[in-house]
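S.K.: The structure under discussion is supplied below as structure tokens; questions concerning it will follow.
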């Protein structure tokens, strides 16, 4: 093989690939011979050692204590236990129908409050308005009204820049007025 391959080929990781195929053929599926679960369990048992002079007794006492607490915690309702605690990486949103973008999740890590300046806040607001599928008909209605106001219904190619300026400068305020008008009309009707 040394005549065919460069000496760099014989690093341990590349050499391991040669033997992995034989291991799969001989050993079968990996979950029957994988040591990771056993090593995790041994680390769990080792965490019970409090007296290094007699580790077996510490492990036995610690494991018995853990089993007792686990058994008793099945019957406690108002206390957070192993069984009632939420999962470590629970990413579900409880009421997804009310969430506008249908994506769940939670923030992992340190929470940090950020105060946006007015320009950044307007940009974020505009981004949400323009990238929501539910807002597409409302945006089209706004463009139609602006075209009628400006008497520019016939021209379309040269108006792309003007229409984008309308959207940037006026769409959020127009939408807010529409919502207030709708809100006022429903309160008057009641």
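S.K.: State the extension gain, in nm to one decimal, for the chain segment bounded by residue 53 and residue 82, taking 0.36 nm per residue of separation less the distance between their alpha-carbons.
M.R.: Values: separation 29, 0.36 × 29 = 10.44 nm, distance 3.04 nm.
Once the chain is fully extended between residue 53 and residue 82, it gains 7.4 nm.
S.K.: Further question: Under the 0.36 nm per residue contour assumption, what length would be gained going from the current alpha-carbon distance of residue 123 and residue 162 to full extension? It would help to have the intermediate numbers written out before the result.
M.R.: Values: separation 39, 0.36 × 39 = 14.04 nm, distance 1.82 nm.
Full-extension gain reported as 12.2 nm.
S.K.: Please work out whether segment 35-81 counts as rounded, prolate or oblate from its C-alpha gyration tensor, where a ≥ b ≥ c are the square roots of the eigenvalues and a/c under 1.5 means rounded, while otherwise a/b larger than b/c means prolate and anything else oblate? Write down the numbers at each step before the final one.
M.R.: On the way: a/c = 3.23, a/b = 1.60, b/c = 2.02.
Oblate.
S.K.: Shifting gears a bit: Can you sort 138, 179 so the residue with the fewest Cβ neighbours within 10 Å comes first? The partial results should precede the final answer.
M.R.: Details: 138 15, 179 10.
Ordered by Cβ neighbours within 10 Å, fewest first: 179, 138.
S.K.: Also, quick follow-up: PRE reach from residue 19 (point 7 Å along Cα→Cβ): which of segment 33-50 fall under 20 Å by backbone N?
M.R.: From segment 33-50, the list is 33-36.
S.K.: With a/c under 1.5 counting as rounded, go ahead and sort segment 7-73 into rounded, prolate or oblate using the C-alpha gyration tensor (a ≥ b ≥ c being the square roots of the eigenvalues; past the cut-off, prolate if a/b is larger than b/c, else oblate).
M.R.: Prolate, since a/c reaches 1.5 and a/b exceeds b/c.
S.K.: Multiply the residue gap between residue 148 and residue 134 by 0.36 nm, knock off their C-alpha separation, and tell me the result in nm, one decimal place. Let's see the in-between values first.
M.R.: Details: separation 14, 0.36 × 14 = 5.04 nm, distance 2.32 nm.
Gain on extension, residue 148 to residue 134, equals 2.7 nm.
Every number here is computed from the coordinates shown, using simple stated rules; none is lab data. The structure presented is a predicted model; accordingly, all values stated were derived computationally and were not measured. Positions of Cβ are generated from backbone atoms using ideal geometry, with glycine treated the same way; all protein chains shown enter the neighbour counts.
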